[in-house]
Amino acid sequence: MREETGERTGRPVRSGPGLLLVIAYGTLALAATGRSTLQVLEYFDRAPLAYLLSALAALVYVVATWALLTDRRPVASATITVEAVGVLLVGAMSYLAPDLFPDKTVWSHFGSGYGFLPLVLPFVGLWWLRRTAPAGAPTTS
């Protein structure tokens, strides 16, 4: 079987285990949107950079969820790549410059407040996009 050999399958992104990926992104989209909305509306003056980055994370999760659900591979790949870079940069900065992150955000401390799911998820997502790409199709990740 093609899947057992690690070859690309050409299946929709949301098929099989990909459905769990969509659910994970959808859950983070809801959680990040709720958190960032509260942070920006109620506490913005405390940590404007951190809360704007939290809002960016929410937007990334919403777009990634839509892209995965509708099999828009280039958009999914781009947003998931932004997520990977974002969680690595914000995660590092939250340790190196803690004064910029006086309150936790979605990506601070590498997503520790979400069980490090924001750190692991983009790499699983990029792997799944590559795995389910049609055979012979160029990959964008």
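The values are calculated or read from the model by the stated rules, or taken from the named source; none is laboratory data. As the structure is a prediction and not an experimental result, all values here were calculated from the model. Please note: Cβ atoms are built from the backbone with ideal geometry, for glycine as well, and neighbour counts cover all protein chains shown. The accessibility values were calculated without ligands, DNA or RNA, using every heavy atom of the protein model including side chains. Shrake-Rupley method; radii C 1.70, N 1.55, O 1.52, S 1.80 Å.
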One residue is enough: does segment 26-42 have a residue meeting the conditions small (Gly, Ala, Ser), loosely packed, with under 14 Cβ neighbours inside 10 Å and modelled with pLDDT of 95 or more?
yes
What pairs can you find where one residue is in segment 70-94 and farther than 14 Å from ALA133 by Cβ, the other is part of a helix (DSSP H, G or I) and polar (S, T, N, Q), and their Cβ atoms are less than 8 Å apart, with a gap of 6+ or different chains?
VAL90/SER108; GLY91/SER108; SER94/SER108
Could you tell me which numbered condition VAL90 fails, if it satisfies all but one of (1) assigned to a helix (DSSP H, G or I); (2) surrounded by fewer than 20 Cβ atoms within 10 Å (Cβ to Cβ); (3) in contact with a helix residue (DSSP H, G or I) (Cβ under 9 Å, 6 or more places away or on another chain)?
(2)
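Kindly evaluate VAL13 against the criterion of being open to solvent by 10 Å² or more (accessible area, probe 1.4 Å) and touching a helix residue (DSSP H, G or I) at 6+ places or on another chain (Cβ under 7 Å).
On the way: open to solvent by 10 Å² or more (accessible area, probe 1.4 Å): no; touching a helix residue (DSSP H, G or I) at 6+ places or on another chain (Cβ under 7 Å): yes.
Considered against the rule, which asks whether it is open to solvent by 10 Å² or more (accessible area, probe 1.4 Å) and touching a helix residue (DSSP H, G or I) at 6+ places or on another chain (Cβ under 7 Å), VAL13 comes out as no.
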Step by step: first the residues of segment 96-116, then only those that are of a type in the set (D, E, K, R) and either under 23 Å from GLY26 (Cβ atoms) or open to solvent by less than 70 Å² (accessible area, probe 1.4 Å) (or both), then the one that is farthest from the chain's Cα centre (by Cα). Which residue is that?
ASP103
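Looking at segment 44-70 only, could you name the residues that are of a type in the set (Ser, Thr, Tyr) and either within 20 Å of ALA84 (Cβ to Cβ) or in a helix (DSSP H, G or I) (or both)? Give the derivation first.
Of the residues in segment 44-70, the ones of a type in the set (Ser, Thr, Tyr) are 51, 54, 61, 65, 70.
Within segment 44-70, TYR51, SER54, TYR61, THR65 meet the criteria.
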